[in-house]
Every structure is written in structure tokens, then in C-alpha cells.
Amino acid sequence: MGNHDFYNQFVPMSFSKITAFVSLLFLLSSPVFSQKITVNVFIENKINKPQSDTIYYDFNRKLTWQDFQGKVPPGAKWGAMTASGFSFNSEMEDDGANHIVISVGVYTFFTKHDSWKKADINSAYHLEHEQHHFDITRLYAQKLVDEIKKAHFTKSNYTKLLYSVFDKVYEESVAYQHQYDDETKNSMDVVKQKEWNEKISAEVNKLKAS
């Protein structure tokens with residue numbers, strides 16, 4: 001078992017900072033690669049705990065300003081920062097009949113201690129901008145699930161292909177987050193922000209209904 005994280009931090013009224021933490025997903029010995037591999041991948045809906053530092057994405061649980069509990073960095077030029085990411089846990093099972101089944105649960109999270117806001121940033125307008133950064137992270141967690149489902153894994157390409165799929169989705173998510181901030185001018189362009197609010201909300205509602 002293992003996990004593989006995509007972790008990002010997005011800031012309004014400034015620029016985006018992105019960090020990726022990568023860990024080895026599976027350690028499979030040579031005998032394993034001689035067996036058939038089946039991958040079951042799904043969105044893992046983790047339960048939120050009120051006192052936890054981590055908020056797992058829930059369609060019915062929107063961010064509040066109280067969730068931004070991190071310390072504002074000295075000299076910060078922006079008003080708030082959202083720290084969110086997606087990750088997956090994995091489990092390997094051998095059915096004893098020359099068949100390996102890998103289960104991959106993907107989830108999206110927000111960390112309170114890494115997310116912060118200045119004292120004068122309290123509007124619903126700016127909070128919605130931050131919520132949509134979290135929403136975009138969730139959209140690309142789903143993209144990761146979809147891309148893994150479409151991948152054709154074999155005993156020889158399994159590890160390389162899995163990392164390749166992840167890297168592809170990672171790069172696409174980074175580009176989309178930057179596009180969001182660039183086009184809205186980090187929320188300062190009210191007209192563009194409204195357009196993106198409608199666009200992202202529609203994508204989230206479509207995902208919620210699926």
C-alpha cells in the first residue's frame with residue numbers, strides 16, 4: 001500500500017505556489033509482475049472530523065473563513081491562501097490464482113494550518129474565489145480517476161504508466177489553476193470572476209450528479 005500526493009497552494013491577488021510531494025506507490029517484486037494486474041480506482045469519500053486540521057472535499061461542505069487558520073507570512077502581498085491537494089491510497093490483493101488486484105482510492109483535501117487570510121479579508125466574494133480553487137482540485141482528482149480507468153496496464157508497464165498518468169493530470173491541473181487566476185486577475189476582475197464562478201459551479205454540479 002502507499003500514497004501519492006498532489007499538493008498545491010493558491011493565492012489571490014498575487015501568484016500561485018505549487019509543490020508536489022511524490023512517494024513510491026507500490027513495491028512489487030518480480031513474481032508479482034508475472035501475474036495479471038487489475039486496477040480498481042474510485043473516489044474515496046473520507047469523513048470530516050470537526051477538530052481535524054484536514055477538510056476532505058464534500059459537495060455539501062463549503063469552506064468558511066474560519067477554516068483559514070494558518071499564520072500570515074511576514075510581508076505577504078496577497079490577502080489569503082488556499083492549501084489543497086489530492087492524494088490516493090492503494091491496497092494490493094493476491095487472490096492466489098495468478099491474479100493481482102490493486103485498489104486505488106483517490107481523495108481531495110484542504111489543510112487549515114497551511115491556509116490563511118489577512119484580518120481585513122472577510123467577503124463572500126473572495127471566499128468564493130478560494131472555494132473554486134478547492135473545487136478545481138476536486139475536478140482534477142476525478143480526472144485522475146478517469147485517466148487511470150482508461151489506462152492499459154500490463155505486467156511490464158504498470159509502474160511507469162501509473163506515474164505517467166499522474167504526471168499528466170498534475171500538469172493539466174496546474175495549468176487550469178493558473179488559467180483561473182490569470183483570467184480573473186486573482187479575483188480582481190469582477191466580470192471574469194463571475195464567468196468563472198458559473199463555469200466551475202456547472203462543472204461541480206455535473207460531477208455531483210454523476
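Among the residues of region 47-87, write down those that are out of contact with any Pro (no Cβ under 8 Å at 6 or more places or on another chain), under 25 Å from Asn205 (Cβ atoms) and aliphatic (A, V, I, L, M).
Answer for region 47-87, where residues must be out of contact with any Pro (no Cβ under 8 Å at 6 or more places or on another chain), under 25 Å from Asn205 (Cβ atoms) and aliphatic (A, V, I, L, M): Ile47, Ile55, Leu63, Ala83.
Among the residues of region 95-128, write down those that are acidic (Asp, Glu) and surrounded by 14 or more Cβ atoms within 10 Å (Cβ to Cβ). Quick ask: steps written out before the conclusion?
So in region 95-128, the residues acidic (Asp, Glu) come out as 95, 114, 120, 128.
Asp114, Glu128 - these are the residues of region 95-128 that are acidic (Asp, Glu) and surrounded by 14 or more Cβ atoms within 10 Å (Cβ to Cβ).
If you scan region 48-96, which residues turn out to be aliphatic (A, V, I, L, M) and within 17 Å of the chain's Cα centre (by Cα)?
As a first pass, look at region 48-96 and keep what is aliphatic (A, V, I, L, M): 55, 63, 72, 76, 80-81, 83, 92.
Those that are aliphatic (A, V, I, L, M) and within 17 Å of the chain's Cα centre (by Cα): Ile55, Leu63, Met81, Ala83.
The rows are residues; the columns are (1) touching a Phe, Trp or Tyr at 6+ places or on another chain (Cβ under 7 Å); (2) farther than 18 Å from Leu127 by Cα.
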site	(1), (2)
Phe166	no, yes
Val169	yes, yes
Ala175	no, yes
Tyr180	yes, no
Val190	no, no
Gln193	no, no
Lys199	no, no
Leu207	no, yes
Ser210	no, yes
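Taking Ile121 as meeting all but one of (1) more than 25 Å from Asn48 (Cβ to Cβ); (2) assigned to a loop (DSSP other than H, G, I, E, B); (3) hydrophobic (A, V, I, L, M, F, W, C), write down the number of the exception.
The number of the failed condition is (1).
Every residue, every condition in (1) within 24 Å of Ser103 (Cα to Cα); (2) in contact (Cβ under 8 Å) with a residue 24 or more places away in the chain, yes or no:
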| site | (1), (2) |
| --- | --- |
| Tyr125 | no, yes |
| Arg138 | yes, yes |
| Ile148 | yes, yes |
| Ser156 | yes, yes |
| Leu162 | yes, yes |
| Lys168 | yes, no |
| Tyr176 | no, yes |
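Quick grid of which residues meet (1) assigned to a strand (DSSP E or B); (2) more than 18 Å from the chain's Cα centre (by Cα); (3) surrounded by 21 or more Cβ atoms within 10 Å (Cβ to Cβ):
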| residue | (1), (2), (3) |
| --- | --- |
| Glu130 | no, no, yes |
| Lys143 | no, no, no |
| Ile148 | no, no, yes |
| Thr154 | no, yes, no |
| Thr159 | no, yes, no |
| Glu171 | no, no, no |
| Val191 | no, yes, no |
| Lys194 | no, yes, no |
| Glu198 | no, yes, no |
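Find the residue count for region 36-46, including only residues that are more than 25 Å from Leu207 (Cα to Cα) and surrounded by 15 or more Cβ atoms within 10 Å (Cβ to Cβ).
Total satisfying the criteria: 1.
Quick grid of which residues meet (1) aliphatic (A, V, I, L, M); (2) under 26 Å from Leu63 (Cβ atoms); (3) modelled with pLDDT under 90:
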{"residue": "His99", "(1), (2), (3)": "no, no, yes"}
{"residue": "Ala124", "(1), (2), (3)": "yes, yes, no"}
{"residue": "His132", "(1), (2), (3)": "no, yes, no"}
{"residue": "Thr154", "(1), (2), (3)": "no, no, yes"}
{"residue": "Asn157", "(1), (2), (3)": "no, no, yes"}
{"residue": "Tyr180", "(1), (2), (3)": "no, yes, no"}
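The values are calculated or read from the model by the stated rules, or taken from the named source; none is laboratory data. Everything numeric in this text was worked out from a predicted model, so none of it was measured. For neighbour counting, all protein chains shown are included, and Cβ atoms are generated from backbone atoms with ideal geometry for every residue, glycine included.
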